[in-house]
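So the structure is just underneath, and the comments pick up after that.
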Amino acid sequence: MAAQRAAGEPPWDVYLTGTVFLDIVFTGLDSAPVRGTESWARGMGSSPGGVANMAAALARLGLRTCLAAAFGDDHYGDYCWDALEQGEGIDLTPSRTVPGWHSPVTVSMAYEGERTMVSHGHEPPPEEPAPDCPPLARAAVASLVPGRSAPWIAQAAAKGTRVFADVGWDDTGAWDLAGLADLRHCEAFLPNADEAMRYTGTDCPRAAAHALTEQVPLAVVTLGADGAYAVDRRTGEAAEVPAIAVDTLDPTGAGDVFVAGFVTGTLAGWPLADRLAFAGLTAALSVQEFGGSLSAPGWTEIAAWWRRVQSVPGQDPAALSRYAFLADLVPPEVARPWPLRRAVPTIGFRQSA
């Protein structure tokens, strides 16, 4: 990424804003919890969640990341702040700790490659933080909310920031693209297949991707176990890359890690298919660890995967060639300034003397 940064460019590669949760993840459940019964999980992990998933994934791929978020005035908030700023090197200058406001919490239960979540939290005061004056950055990641505009998105785009957007499930059931007013300020839109088809009224995710390019220059539709499909209106190029089959421990945050991988490849100027392949790889590596933010891979994990997969007996040469671009990106040994943190069963252990 350093080779892509020119003198006089913005100090940050990516800016984002949103809500930080404390995620508590249970894994190893044989099935979904049943009403009136008690279920025991074989694994548990705690880590920052919400917008922290995307921020950590970006930072671990070497992007200079700036986050504006409100943090709770409690132990959970202190832990999340430390994990992101000290642990991941994320700039939290525009973030704030809100006195008297407790951290939002999500409990996620993972089973059979899926998850069920229960969350609790309250909206922070509207002035905390104040993201309507975003700092200069090469890119920004925005989560669009149907029927609601975020002024900072237009402001960032007007400064030349390339905005990448995803979207959550439309609880209103309207699925009206007109309700995503900020989409006109975005360079890329990355919904999943269900969301893309509902917004476009199509019955095929690939057709949905093409239809979305009427609204945004670049449409990327994730296809779950089938991979991802993308269309670039500016070049007329389309690309599809299959998913990597892995044993899933916890899918929390996989979509965020996918977006982070795609943003990285875009800022680095890679071909569209390489960007899709890299995004899918980072997501596949992430679901093999607990949680969202601290499951994201760094370049050491990516390099280790590339070395390992080449030694698998009977490896399909065609499948391997799809990731050949990694050979020029990962050195034989990747030095890391600090080890990757992973989710832990609990937080706040006292340090022994």
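The values are calculated or read from the model by the stated rules, or taken from the named source; none is laboratory data. Note that the structure is predicted; figures quoted are calculated from it, not measured. Ideal geometry is used to build each Cβ from the backbone, glycine not excepted, and the neighbour counts take in all protein chains shown. The area values use the complete protein model at the heavy-atom level, side chains included, leaving out ligands, DNA and RNA. Shrake-Rupley method; radii C 1.70, N 1.55, O 1.52, S 1.80 Å.
Every condition in (1) aromatic (Phe, Trp, Tyr); (2) free of Cβ contacts under 8 Å to residues at least 60 places away in the same chain; (3) assigned to a loop (DSSP other than H, G, I, E, B) holds for Phe290 except the one numbered (2).
Of the residues making up the range 140-184, those that are loosely packed, with under 13 Cβ neighbours inside 10 Å and hydroxyl-bearing (Ser, Thr, Tyr) number 1.
This table checks each residue for (1) in contact with a Pro (Cβ under 7 Å, 6 or more places away or on another chain); (2) closer than 22 Å to Ala70 by Cβ; (3) part of a loop (DSSP other than H, G, I, E, B); (4) at pLDDT below 90.
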residue: Val107; (1), (2), (3), (4): no, yes, no, no
residue: Glu123; (1), (2), (3), (4): no, yes, yes, yes
residue: Pro126; (1), (2), (3), (4): no, yes, yes, yes
residue: Cys133; (1), (2), (3), (4): no, yes, yes, yes
residue: Val141; (1), (2), (3), (4): no, yes, no, no
residue: Trp152; (1), (2), (3), (4): yes, yes, no, no
residue: Thr172; (1), (2), (3), (4): yes, no, yes, yes
residue: Leu183; (1), (2), (3), (4): no, no, no, no
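When the test is whether a residue is farther than 30 Å from Val107 by Cβ, modelled with pLDDT of 95 or more and more than 18 Å from the chain's Cα centre (by Cα), Arg233 passes it. The C-beta contact set for the range 208-235 (first residue more than 17 Å from Val263 (Cβ to Cβ), second residue assigned to a helix (DSSP H, G or I) and among the hydroxyl-bearing types (Ser, Thr, Tyr), distance under 6 angstrom, 6+ apart or interchain) comprises Ala208/Thr200; Ala211/Thr200.
Considering only the range 307-323, state which residues are surrounded by 15 or more Cβ atoms within 10 Å (Cβ to Cβ) and in a helix (DSSP H, G or I). Result: Val309, single match.
Can you tell me which residue within the range 154-165, out of those that are in a strand (DSSP E or B) and either modelled with pLDDT under 95 or of a type outside the set (D, E, K, R) (or both), is farthest from the chain's Cα centre (by Cα)? Residue satisfying both the conditions and the ranking: Val163.
Being without any contact (Cβ under 8 Å) to a residue 40 or more places away in the chain, open to solvent by 50 Å² or more (accessible area, probe 1.4 Å) and either assigned to a helix (DSSP H, G or I) or of a type in the set (Gly, Ala, Ser) (or both) is a property that Ala304 lacks. Scanning the range 93-113 for residues that are touching a helix residue (DSSP H, G or I) at 6+ places or on another chain (Cβ under 8 Å) and closer than 21 Å to Gly291 by Cα gives His102, Ser103, Val105. Once the range 268-294 is narrowed to residues that are crowded, with 24+ Cβ neighbours inside 10 Å and modelled with pLDDT under 90, the residue that is farthest from Pro48 (Cα to Cα) is Phe290. Being surrounded by fewer than 24 Cβ atoms within 10 Å (Cβ to Cβ), closer than 25 Å to Ser108 by Cα and at pLDDT below 85: is that true of Arg350 here? No; evaluated as a whole, the condition is false for this residue.
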